[in-house]
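Scroll down for the structure; my scribbles are underneath it.
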Amino acid sequence: MLPFLPDDYPKIQAFSDRLIERALKAGGTCTGEHGIGLGKKKYLELEHGGPTMDVMRAIKHALDPHAILNPGKLF
């Protein structure tokens, strides 16, 4: 499969989704040494859980109450 071929991209995305879900179920993470990125944003709550996400949102709001710093990237 090649990610730049339109017919292959959905297959690659489905494989990546299954791989990430499996890693999370095993207690792993959906990312490595880099940030979560936009592509894996949907897994953030699955990995960290609701209470942790609430804390992250509270910190983000405390530091950026008007949501002007990097808008739409995390929450």
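Values quoted throughout were computed directly from the atomic coordinates according to the rules given, and no laboratory measurement underlies them. In this text, all values refer to a predicted model and were calculated from it rather than measured experimentally. Every residue, glycine among them, receives a Cβ derived from its backbone with ideal geometry; neighbour counts consider all protein chains shown.
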Does a label point 7 Å from the Cα of Leu19, set along Cα-to-beta-carbon, have any residues of the range 30-61 with amide nitrogen under 14 Å, and which are they? 30-33, 40
May I ask for the net charge around Lys41, where only other residues with Cβ less than 14 Å from the Cβ of Lys41 are counted and Lys, Arg are +1 while Asp, Glu are -1? +2
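Let's see if you can work this out: charge +1 on each Lys and Arg Cβ, -1 on each Asp and Glu Cβ, no other charges. What is the dipole magnitude of the chain about its Cα centre, in debye to the nearest 20?
Roughly 60 debye, rounded to the nearest 20.
Give me His66, His48 sorted ascending by neighbouring Cβ count inside 10 Å, so fewest comes first. Don't skip to the answer; put the middle values down first.
Values: His66 7, His48 14.
Lowest count first: His66, His48.
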Compute the helix-to-body angle for 50-63: its Cα long axis versus the longest principal axis of the chain, expressed 0 to 90° and rounded to tens. 60 degrees
